[in-house]
Amino acid sequence: MGGIAVGVCLLTSAAAYQYVQPTVGGWQEIAWPFPRDGWPAGRAFRCNAAACGDDVEVYLRPKIGFCNCDSGVADDDEVDRVADLDLMSQRFTPLEPGKAVRIAYMPGRLRSYDLRMSDGSQHAAVGIAVSRRCDLLVAVAQGNGTAAGVSRVALDFLGSSDMTRWMTSAMGGK
């Protein structure tokens, strides 16, 4: 009987792991590269230039209970505060006003930034914050290309069925 239970647990774990693996061309899951903070580690992905036009990385995680229950993600200042850009660098500058987005059935905002890395290099970045009830899902994408290019690649990836399924699950269902 113990062998059956172990087998079922292993099968269930393997199935769950496969369930959340993105099958979007060129994307590879990587280790969460940031130090611990007040929120659980998220998921991190990389796409190389051959597949995505530029090297792009996307980092995302839920922040449960961290959203205004009435208004959701209300403005660009909120995206600046919550989108985890500061994990990559404290030196980020908005390029333009943000815009409304909808990811995995959740409304929110996206904003583009110039990001100066600790080694002095400059990257394009996009901060995204979407909400469901009183919970927040944040994503930040950065790359060597233009902000418009990073935004397009990140939104395509986050809009994939595998990532939509994972984000919906991570936020407690639809």
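The values are calculated or read from the model by the stated rules, or taken from the named source; none is laboratory data. Quick caveat: nothing in here was measured; it's all calculated off a predicted structure. Cβ sites come from the backbone with ideal geometry, for glycine too, and all protein chains shown count toward neighbours. Remember, those area values only see protein heavy atoms, side chains included, never the ligands or the DNA or RNA. Shrake-Rupley method; radii C 1.70, N 1.55, O 1.52, S 1.80 Å.
General observations
- Among the candidates Val126, Val153, Val101, the residue that is under 15 Å from the mean Cα position of the chain (by Cα), β-branched (Val, Ile, Thr) and more than 20 Å from Ala44 (Cα to Cα) is uniquely Val101.
- When residues in the stretch 113-134 are screened for being touching a Cys at 6+ places or on another chain (Cβ under 9 Å) and open to solvent by 30 Å² or more (accessible area, probe 1.4 Å), 3 of them pass.
- For the stretch 60-93, taking the residues that are in contact with a Gly (Cβ under 6 Å, 6 or more places away or on another chain) and touching a residue at least 40 places away in the same chain (Cβ under 8 Å), the one that is farthest from Trp32 (Cα to Cα) is identified as Val73.
- Here Glu96 clears all of (1) more than 21 Å from Leu158 (Cα to Cα); (2) at pLDDT below 85; (3) part of a loop (DSSP other than H, G, I, E, B) except the condition numbered (2).
- Boolean, Gly72 is buried (at least 19 other Cβ atoms within 10 Å of the Cβ) and assigned to a loop (DSSP other than H, G, I, E, B): yes
- Residue check for Ser160: of a type in the set (S, T, N, Q) and over 22 Å from Pro33 (Cα atoms): yes
- Leu110 under 14 Å from the mean Cα position of the chain (by Cα) and open to solvent by 30 Å² or more (accessible area, probe 1.4 Å): no
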